Amino acid sequence: MQRQMPTGRFYGKVVDEKTKKGVPFTPIQIYVTKFDSATKQPKTTLAGGQLTEENGDFSVQNLPAMGKYTLK
């Protein structure tokens, strides 16, 4: 039996600083940095992304539970 790696998610809301309202259809990208055994260097890759909802909400799911992440 093969074990499945645990997954997680990032969720939140993009809000306009002045109006305090959600920003619709904003692109969200999540990058993960892992050690590349071939090059012996850290490697950053796109792990997931989406556009925010009309109210600015986002939820990116099925991401590896371990890693160093950057949200852009």
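The values are calculated or read from the model by the stated rules, or taken from the named source; none is laboratory data. Bear in mind that the values here come from a model prediction, so they are computed numbers and not experimental data. All Cβ positions, even for glycine, are placed from backbone atoms using ideal geometry, and neighbour counts span all protein chains on display. Calculation scope for accessible area: heavy atoms of the full protein, side chains included, ligands and nucleic acids excluded. Shrake-Rupley method; radii C 1.70, N 1.55, O 1.52, S 1.80 Å.
Here is a list of conditions, (1) hydroxyl-bearing (Ser, Thr, Tyr); (2) within 13 Å of the chain's Cα centre (by Cα); (3) at pLDDT 90 or above, and Thr19 meets all of them except one; can you say which number that is?
Against the list (1) hydroxyl-bearing (Ser, Thr, Tyr); (2) within 13 Å of the chain's Cα centre (by Cα); (3) at pLDDT 90 or above, Thr19 comes up short only on (2).
Please determine, by comparing only the residues of segment 1-47 that are open to solvent by 100 Å² or more (accessible area, probe 1.4 Å) and not in a loop (DSSP other than H, G, I, E, B), which one is farthest from Asp57 (Cα to Cα).
The qualifying residue farthest from Asp57 (Cα to Cα) is Gln41.
Can you list residue pairs whose Cβ atoms sit under 9 Å apart, with the first residue in segment 17-38 being on the phi > 0 side of the Ramachandran plot and the second being surrounded by 13 or more Cβ atoms within 10 Å (Cβ to Cβ)? Count only pairs 6 or more apart in sequence or on different chains.
Between residues of segment 17-38 that are on the phi > 0 side of the Ramachandran plot and residues that are surrounded by 13 or more Cβ atoms within 10 Å (Cβ to Cβ), the close pairs are Phe25/Thr52; Phe25/Glu53.
Sort out which residues of segment 48-72 are out of contact with any Lys or Arg (no Cβ under 6 Å at 6 or more places or on another chain), at pLDDT 90 or above and assigned to a loop (DSSP other than H, G, I, E, B), and write them in order of number.
Thr52, Glu53, Glu54, Asn55, Lys72
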